[in-house]
Each structure stands twice: as C-alpha cells, then as structure tokens.
Amino acid sequence: MSDIKTLVIDHDKYTVKLFERIFDRLGYEVIVAHDATSGRHIARTQPIDLILLNLLLPDVSGIELAHQLRSDRQIPIIGLSIRELEIGVDDMAAFSYIAVAPLDIHELIKHVQDILATNKQMD
C-alpha cells in the first residue's frame, strides 16, 4: 500500500464509497469525514497528502472550509460540486483543481496523480 493519505470530506455516502473504491485501487489510504467539523479536525491532526472536498456541505461552505484548511497547511485540495458555482479569484486560489459533475473519473485520477507528483517534487 502507498503511504499517500487522501481525506474525502463529503456527506453523500454514495460519493464517499465511490472515492474509497477508486483510491483504494490506486493504493492510497482513504480517510473519510462526513462533515466540515470532523474534516477540519482530521486535516489538522493527521498527515494528509490530498483532500477531496464537496463544496456543497450542509454544515459549512466547502469554499470557506478550504480557506480554513489552507491557512493551516498547504495541502492540495480538489473541490467537488454537482453544479457550476460562481467562485471568485481569491476563492480559486484555495483549490488545486475543481471538478464539476458529471465527473470524468479518469480525468479526476489524472489530476490527482499530477497534483501529488508536483507536490512530491516540491518537497
């Protein structure tokens, strides 16, 4: 198994299961948070390499959460949304990539691998 830890922050159990299967097959460890509070706690207390963040969480805006997480550590964050969102330039800076449904899983995996490779080179 890889030592890459991916945090999935999403309240939708079907989306979580999908990402667990995908990233498990890639050999990544998947940690799940079903709300912003637990996601924030995990991201602050565990060595996370990548975050997949639903931008439409019921308890806190995913954009707001991304800013909070980025203020603590420079973890790459991929924003996920079921619809197009109006995102300002300042908000875009909090994300490494934003994917909008319907998701192209192969494209998403390519972005994940590219982001992780770039981060590894920067270390």
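The values are calculated or read from the model by the stated rules, or taken from the named source; none is laboratory data. None of these values were measured; they are calculated from a predicted model. Quick reminder, even Gly has a Cβ in these numbers, built from the backbone with ideal geometry, and neighbours come from all protein chains shown.
Worth pointing out:
- Pairing residues of segment 59-73 that are exposed (fewer than 14 other Cβ atoms within 10 Å of the Cβ) with residues that are polar (S, T, N, Q), at Cβ distances under 9 Å and at least 6 apart in sequence or on separate chains, gives 59/37.
- A Cβ distance below 9 Å, combined with a sequence gap of six or more or placement on separate chains, defines the contacts here; from segment 25-43, residues that are farther than 24 Å from residue 56 by Cβ and in contact (Cβ under 8 Å) with a residue 60 or more places away in the chain reach residues that are surrounded by fewer than 18 Cβ atoms within 10 Å (Cβ to Cβ) and of a type outside the set (A, V, I, L, M, F, W, C) in the pairs 26/2; 26/113.
- Residue count for segment 29-47 satisfying the condition of being part of a loop (DSSP other than H, G, I, E, B) and surrounded by 21 or more Cβ atoms within 10 Å (Cβ to Cβ): 0.
- Residues of segment 108-123 that turn out to be more than 14 Å from the chain's Cα centre (by Cα), among the hydrophobic types (A, V, I, L, M, F, W, C) and within 13 Å of residue 75 (Cβ to Cβ), as a count: 1
- Of the residues screened, residue 59 is one that is over 19 Å from residue 112 (Cα atoms), among the acidic types (Asp, Glu) and modelled with pLDDT under 90.
- Any hit, segment 2-25, residues being of a type in the set (Asp, Glu), surrounded by fewer than 18 Cβ atoms within 10 Å (Cβ to Cβ) and not in a loop (DSSP other than H, G, I, E, B): yes
One line per residue, one yes/no per condition, for (1) among the β-branched types (Val, Ile, Thr); (2) at pLDDT below 95; (3) in contact with a Ser or Thr (Cβ under 7 Å, 6 or more places away or on another chain):
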{"residue": "11", "(1), (2), (3)": "no, yes, no"}
{"residue": "14", "(1), (2), (3)": "no, yes, no"}
{"residue": "18", "(1), (2), (3)": "no, yes, no"}
{"residue": "26", "(1), (2), (3)": "no, yes, no"}
{"residue": "39", "(1), (2), (3)": "no, no, no"}
{"residue": "55", "(1), (2), (3)": "no, yes, yes"}
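- Within segment 83-107, residues that are over 17 Å from residue 61 (Cβ atoms) and part of a loop (DSSP other than H, G, I, E, B) have Cβ atoms under 7 Å from residues that are at pLDDT 65 or above and among the hydrophobic types (A, V, I, L, M, F, W, C) in these pairs: 96/77; 96/78; 96/115; 101/82, counting only partners at least 6 apart in sequence or on another chain.
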